[in-house]
Amino acid sequence: MSLGIVFLSEIMGTMMLTLLGCGVVANVALRGTKGNAGGFLMVNFGWGLAVMAGVFVAAKSGAQLNPAVTIGVLVSGAKEFAPGVAVNAGSVFTSLGGEMIGAIIGAVLCWLAYKQHFDAEPDAAAKLGVFSTGPAIRNYGWNVVTEIIGTFVLVFVILLFGKSAAGLGPLPVALLVVGIGASLGGPTGYAINPARDLGPRIAHAFLPIKGKGSSDWSYSWVPVVGPLIGGVLAGIGVQIMPLLVK
């Protein structure tokens, strides 16, 4: 499969994930929407279904949709992201680029869909929360630990049972994300995906959002570094598992 197809697949899949994921947060958080005050459980299920949609769309490229998954697959020693998509430098960087671009596009589309509600919402923090995560208690060290653990669970389960998100299947991955959100999402909002957080945060920074306030760049490294470490540890864990069961 050509790198162009991989690139387009990851753009479209990550765009779908981010559009629907940020969309459910907007529906819950912004003033005057039909889903306003729907609660954290609604957000969890919305993000799970957003991931499911992204996995369906990007199945050809292995539905990585997440730099932590891409790096985890690389570290695990897997030969392919999907049939015909070898794991090598070209496919890794192509996937990472597609994921970031897709996340930015998805966030922009979410803003367009909710433009009137962004204008009506006076709370700058609520607006930023549609795009990116933030901690319940700001302590960068512990926030990173939370993101490492949540991402490790995501990537480890995907790699151990499916080799890729597409291999595990859209519905199991969706339920896994819902479970992580319900169990581990409280401290940081469970980014567990550098592209999902950084891409929309970039969109928040450049979009002409009325009264948007800061994009909180001082926190932005946490949902990038934590998930990448979690993905690396998951890849290592998958390599260790056969040694433990012999």
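Rule-based calculations on the coordinates, nothing more; no lab input. Just so we're clear, the structure is a prediction, and the values are computed from it rather than from any experiment. Heads up, the Cβs are rebuilt from the backbone with ideal geometry, glycines too, and the neighbour counts pull from every protein chain shown.
Within region 37-56, how many residues are more than 24 Å from His117 (Cβ to Cβ) and surrounded by fewer than 22 Cβ atoms within 10 Å (Cβ to Cβ)? So the answer is 1.
Candidates in region 1-26 are the residues that are in contact with a Ser or Thr (Cβ under 9 Å, 6 or more places away or on another chain), part of a helix (DSSP H, G or I) and aliphatic (A, V, I, L, M); of these, the one that is surrounded by the fewest Cβ atoms within 10 Å (Cβ to Cβ) is Ile5.
Among the residues that make up region 225-236, is at least one of them aliphatic (A, V, I, L, M), more than 24 Å from Lys115 (Cβ to Cβ) and free of Cβ contacts under 8 Å to residues at least 40 places away in the same chain?
So far as region 225-236 goes, no, none of its residues is aliphatic (A, V, I, L, M), more than 24 Å from Lys115 (Cβ to Cβ) and free of Cβ contacts under 8 Å to residues at least 40 places away in the same chain.
Among the residues of region 101-115, are any part of a helix (DSSP H, G or I), in contact with a helix residue (DSSP H, G or I) (Cβ under 6 Å, 6 or more places away or on another chain), surrounded by fewer than 17 Cβ atoms within 10 Å (Cβ to Cβ) and on the phi < 0 side of the Ramachandran plot?
no
Tell me, yes or no, whether region 52-71 has at least one residue that is more than 19 Å from the chain's Cα centre (by Cα), part of a helix (DSSP H, G or I) and in contact (Cβ under 8 Å) with a residue 12 or more places away in the chain. The answer is no, given that none of the residues of region 52-71 is more than 19 Å from the chain's Cα centre (by Cα), part of a helix (DSSP H, G or I) and in contact (Cβ under 8 Å) with a residue 12 or more places away in the chain.
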